[in-house]
Ligand SMILES: Cc1cc2nc3c(=O)[nH]c(=O)nc-3n(C[C@H](O)[C@H](O)[C@H](O)COP(=O)(O)OP(=O)(O)OC[C@H]3O[C@@H](n4cnc5c(N)ncnc54)[C@H](O)[C@@H]3O)c2cc1C
């Protein structure tokens, strides 16, 4: 498949043809990405899943594709169109959520928090290296004793010293930490109530990490438990424009639709796997795709995909600068995803439990989406509070 191949960037589950909004240059770039993923990445995913090894080596070739900074897909200010960024995430997640996290945890999450939270000097010094994966990082917020209540419960402490800062604390579930040169650590300032963020070199004295084992979702991404004991960090490595949890939320705003694009990509991947299977698997002397109950599942999936993509495109092209609508996005994306991947799994029957048939990976990974970046329930509480003015977080 080449960039010029008109079949190259078809999305069979996208009946409303949202991908038609992409420019020719963007389609060409995404076509290259798909060809690369099909050829070099998809074939290694079953082994990566089974062995729970993280295929970090896929990141450098993805960086070489210049998906973020190729002149053909950026404007005068060096930014890509948001809709292209969305389809880039979708394309990665359509292959596997782990691929999207391995790439997007760097150029999406880490880069965005640095860009939105750093001073102009910090951004100028680091951004090119981040895009090229020469400076890698991950985002470390969650703690063992504080998941859903982290906004009010950050226990990791930052103490000011004459020469900089000293960090002490414990972070948990941190994706990509073991393959990152830097940890973006969120901590509370001792003796004050500021929430600060530090880009801490992973090799700093006082940092130790262990991979969380026996994980049944996103097995090809390592999540780490991280201990920080008297870790010294220079003031220049504190992100200058983050001083509160609201600043963290602000830095994340442009990233919020990402969860919807990941959900859409996973649903498209699961749908394609399911319909391919249903077209060839014969029972009662005919392809199972010809049975009404199977068609019902396929149609429900495509309807879910249409709803998810409509939400993704709308919120990407018309962003709402608040802290409530992202929560609504998250819970709709998680619900639609959970239903679609379960339907795909059902269609593939017993084979649906086998990793090479793809659907079980989407099924298991949907559970990670359901929980990370705030559980579906916590996001429901955020929307509920906004609607009623009454917080139901605590009794
Ligand atoms: C695969 C994966 C990757 C992750 N990657 C990262 C990462 O890179 N960086 C990072 O910082 N974090 C990461 N996380 C952490 C993630 O954000 C947390 O798991 C999440 O915020 C939930 O916290 P918890 O797991 O401690 O659950 P808890 O907060 O212990 O919640 C347990 C259950 O109780 C419910 N609950 C809690 N409070 C209430 C309430 N008031 N009312 C009703 N229900 C409630 C929750 O919804 C949930 O169902 C990751 C998690 C996973 C699973």
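Quick notes on this one:
- Tilt relative to the chain, helix 292-317 - C-alpha long axis, 0 to 90 degrees, to 10: 40
- Estimated translational D of the chain in µm²/s (Stokes, Kirkwood radius over Cα pairs; 20 °C; 1.002 mPa s): 98
- Largest mean-square fluctuation among 102, 353, 329, in a Gaussian network model of the chain whose springs join Cα atoms under 10 Å apart, belongs to 353.
- A crude spin-label estimate for the pair residue 124 and residue 21, with each label 7 Å from Cα along the Cβ direction, gives 3.5 nm.
- Alpha-carbon Rg with Dmax, taken over the range 246-320, Å: 17.3, 61
- Sorted peptide list for 67-75, 92-100, 220-228, 245-253, criterion being average Cβ within 10 angstrom, highest first: 92-100, 220-228, 245-253, 67-75
- Amide N proximity, the range 177-210 versus residue 230 label position 7 Å along Cα-to-Cβ, cut-off under 15 Å: 205-208
- Nearest-ten-degree value, helix 325-347 long axis tilted from longest Cα axis of the chain: 40
- Viscosity 1.306 mPa s, 10 °C: Kirkwood-radius Stokes-Einstein D of the range 68-223 over Cα pairs, µm²/s: 94
- Net length gained if the chain between residue 145 and residue 53 were fully extended (0.36 nm per residue, minus Cα distance): 30.4 nm
- The angle separating the long axis of helix 376-388 from the principal Cα axis of greatest extent in the chain is about 80 degrees.
- The DSSP beta bridges internal to the chain are antiparallel in roughly 85% of cases.
- Spatial separation of Cα centroids for the range 26-61 and the range 83-135, in angstrom: 16
- Calculated FRET value between residue 387 and residue 292, using beta carbons and R₀ = 41 Å, to 0.05: 0.55
- Value at 222 nm in deg cm²/dmol, rounded to 500, when DSSP H runs of n ≥ 4 in the chain each add -39,500 (n - 2.57): -14000 deg cm²/dmol
- This ranking places 277, 103, 271 by how few other beta-carbon atoms lie within 10 Å of each, fewest first, which gives 277, 103, 271.
- Each peptide among 338-346, 24-32, 51-59 gets the average number of other Cβ atoms lying within 10 Å of its residues, and from highest to lowest they stand as 338-346, 24-32, 51-59.
- Model label zone, residue 159; criterion: amide N under 14 Å from point 7 Å along Cα-to-beta-carbon; scope the range 190-223: 190-192
- Pairs of Cα atoms farther than 22 Å apart, the range 18-131, %: 35
- Shape class of the range 252-395 from the alpha-carbon gyration tensor: prolate, with a/c at 1.5 or above and a/b greater than b/c.
- For the range 137-244, the Kirkwood radius over C-alpha pairs fed into Stokes-Einstein at 25 °C and 0.890 mPa s yields D = 177 µm² per second.
The numbers here are math on the coordinates, done by the rules we state, and not lab data. On a predicted model such as this, the values are computed, not experimentally measured, just so you know. Because the Cβ atoms are built from the backbone with ideal geometry, glycine has one as well, and the counts that use them run over all protein chains shown.
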